[in-house]
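Worksheet: one structure, shown below.
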C-alpha cells in the first residue's frame, strides 16, 4: 500500500483508508466530489477520447490509467477504455466468471444482528432464574421478549437484511466488477488483466467522547473511546498500487471472500 493510500476503482483517485471505507458505506468524500466536478467539466468541454504518443491508452504508455501497468494474464487484451466502459454498462452477467457470498445489504443490518443477539441472551439469563422465584411472571416476560429478539435476529440475518455479493470478471471490457444483488449499479476496477493479487487489510477507526452519569453536565464526565474495525479487500495491480474491492465488517467474511477470489484469479 503506497503511503497508506488506496485507489478507488470508479474514479481512480487516491484516498486514505478511512475515505475508502466511507465511500463503500455511502459517505461522500472531498475526493469523490472533486472527481465528479472533473467528469462534468470533461463532458462539457468535449475532451477527446484518446490521444497519440506517450499519453496514448496503451500498455507501457504514460497515460494515467495504465502508467506503470503491464498485463500479468491475458496479455492480448487492450486497456479498459473508461470513456466506453463504466460501472453503468460493465457486464455483471452470471455467465461471467465470478464468486458469490452472503452479506448484509448495509452495515446497519449487521449492527442490528449483534444488538438483538446480545439483548436476547441477556433476556434469557435474567428470565430463567426469575421463573423459580416469586417473580415468575416477570421471568416469563423476559423469556418471551428474548425469544422475539432472537427470532428477529434470524430473520434479519437470513432474509430481510441479507443479499449476495458478487465479484467477477468481464473480460470483454477487461474489468473486475463488484455488485450486491440488492443494488442496481456495480462498482468497477479497470484493467483486470493487471491484477497480480488480492489481499485483506485491517482498518481501525477510533471514536472518542465523554459519558455523564448524572444531570450535572458542567462536569467533565468520563472519557470513553470506541474502536471500529473493518477489513478492506484490495486488488494489487502490477504497478504496486492497491485498488479497493470491498469493505467487510467481519474478518471471517473478508477471509472467505479472499479465499474464493484468489481461487478464481488462479483460474483466469
Exercise for review: Could you tell me which of the residues 159, 118, 112, 100 is part of a helix (DSSP H, G or I), closer than 30 Å to residue 188 by Cα and out of contact with any helix residue (DSSP H, G or I) (no Cβ under 6 Å at 6 or more places or on another chain)?
Suggested key: 159
Review point. From the set of residues in the stretch 159-184 that are farther than 30 Å from residue 75 by Cβ and touching a residue at least 24 places away in the same chain (Cβ under 8 Å), which is farthest from the chain's Cα centre (by Cα)?
Key: 160
**Study point:** The lone exception for residue 197 - which of (1) modelled with pLDDT of 90 or more; (2) farther than 30 Å from residue 57 by Cβ it fails
**Key:** (2)
Practice item. Please verify whether the stretch 142-153 includes one or more residues that are under 30 Å from residue 187 (Cβ atoms) and either within 28 Å of the chain's Cα centre (by Cα) or surrounded by 12 or more Cβ atoms within 10 Å (Cβ to Cβ) (or both). Key: yes
Exercise for review: Looking for whichever is over 30 Å from residue 59 (Cβ atoms) and not assigned by TED's automatic domain parsing to the domain that holds residue 83 here; the options are 204, 155, 180, 184. Which one fits?
Suggested key: 155
Check your understanding: In this structure, does residue 90 turn out to be in a loop (DSSP other than H, G, I, E, B) and either assigned by TED's automatic domain parsing to the domain that holds residue 257 or touching a residue at least 40 places away in the same chain (Cβ under 8 Å) (or both)?
Key -> yes
Exercise for review: Could you check residue 109 against (1) modelled with pLDDT of 85 or more; (2) under 29 Å from the mean Cα position of the chain (by Cα) and say which number it fails?
Suggested key: (1)
Review point. Which one of 156, 121 is more than 20 Å from residue 233 (Cβ to Cβ) and touching a residue at least 40 places away in the same chain (Cβ under 8 Å)?
Key: 156
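The values are calculated or read from the model by the stated rules, or taken from the named source; none is laboratory data. Treat the numbers as computed from the prediction; the structure is a model and nothing was measured. In this analysis, Cβ positions are derived from the backbone assuming ideal geometry, glycine residues included, and neighbour counts consider all displayed protein chains.
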